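Single-structure report; data block below.
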Amino acid sequence: MLHEPLRIAVISLAIMALAACSEKEPSDAEAIAAVNAAQDGKPPVKPLDLQPILYPDITQNKLHGTGCAFVADGGGLGAVLLAQDKRGVIKHGDHVQVLAPDAGSAKMPKGSFSRYTGKENAVTLTTIGAVKAVGTTEQFKGKMVVTDAFERPVYEATGDVQCKAI
């Protein structure tokens, strides 16, 4: 016969095992969702409010050069993206952010690229329709998408793209 403390321990373990069996096991989908939620330490998406890159920004940051400027529909006359051969530039929170060109992305007019990346954001610029030459300038309708460090869209707009010496 078992000693009293050992007997109580065995009975307690049996009761706990029965209680555990009576609880519903999570489905595979529930278990996967729980694991994904635990691993998804991403902060909430913070939409970007891009600001126009103005002439003082261009001169202070030495952003002169040849490339394309994207102006969002309904956003006024100021460009919110400068797409050049050696950099892409956006501005938010009064901060000019310089992005590196993705040399493997599609070539755009005037030596620019369709994608630029940085630590905080990446920018993709695509053409909508044909590129038209007007003198030394090339123009087209474009779509700009800015993503955060987790590749989630934080800014999207269509607009006019003008490519020339900036």
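The values are calculated or read from the model by the stated rules, or taken from the named source; none is laboratory data. All values reported here derive from a predicted model rather than from experimental measurement. Backbone-built Cβ (ideal geometry, glycine too); neighbour counts: all protein chains shown.
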Among the listed residues GLY118, GLY65, GLY75, identify the single one that is closer than 16 Å to GLY142 by Cβ, surrounded by fewer than 21 Cβ atoms within 10 Å (Cβ to Cβ) and of a type outside the set (A, V, I, L, M, F, W, C).
GLY75
Let me confirm something: among LEU6, LEU48, LEU82, LEU54, which residue is surrounded by 15 or more Cβ atoms within 10 Å (Cβ to Cβ) and either at pLDDT below 85 or under 22 Å from ALA165 (Cβ atoms) (or both)?
LEU82
Selection from segment 118-158 of residues that are on the phi > 0 side of the Ramachandran plot and in contact with a strand residue (DSSP E or B) (Cβ under 6 Å, 6 or more places away or on another chain):
GLY129
Please work out if HIS64 is out of contact with any Leu (no Cβ under 8 Å at 6 or more places or on another chain) and within 22 Å of VAL45 (Cβ to Cβ).
no
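Look through LYS119, LYS141, LYS91, LYS110 and report the one residue that is among the basic types (Lys, Arg) and in contact with a Cys (Cβ under 6 Å, 6 or more places away or on another chain).
Values: LYS119 fails: in contact with a Cys (Cβ under 6 Å, 6 or more places away or on another chain); LYS141 fails: in contact with a Cys (Cβ under 6 Å, 6 or more places away or on another chain); LYS91 fails: in contact with a Cys (Cβ under 6 Å, 6 or more places away or on another chain).
Result: LYS110 is the single residue among LYS119, LYS141, LYS91, LYS110 that is among the basic types (Lys, Arg) and in contact with a Cys (Cβ under 6 Å, 6 or more places away or on another chain).
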What's the number of the only condition in (1) among the charged types (D, E, K, R); (2) in contact with a Lys or Arg (Cβ under 8 Å, 6 or more places away or on another chain); (3) closer than 14 Å to LEU48 by Cβ that ASP160 fails to meet?
(3)
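When you scan segment 129-143, do you find a residue that is under 22 Å from PRO47 (Cβ atoms) and in contact with an Asp or Glu (Cβ under 9 Å, 6 or more places away or on another chain), even just one?
Yes, some residue in segment 129-143 is under 22 Å from PRO47 (Cβ atoms) and in contact with an Asp or Glu (Cβ under 9 Å, 6 or more places away or on another chain).
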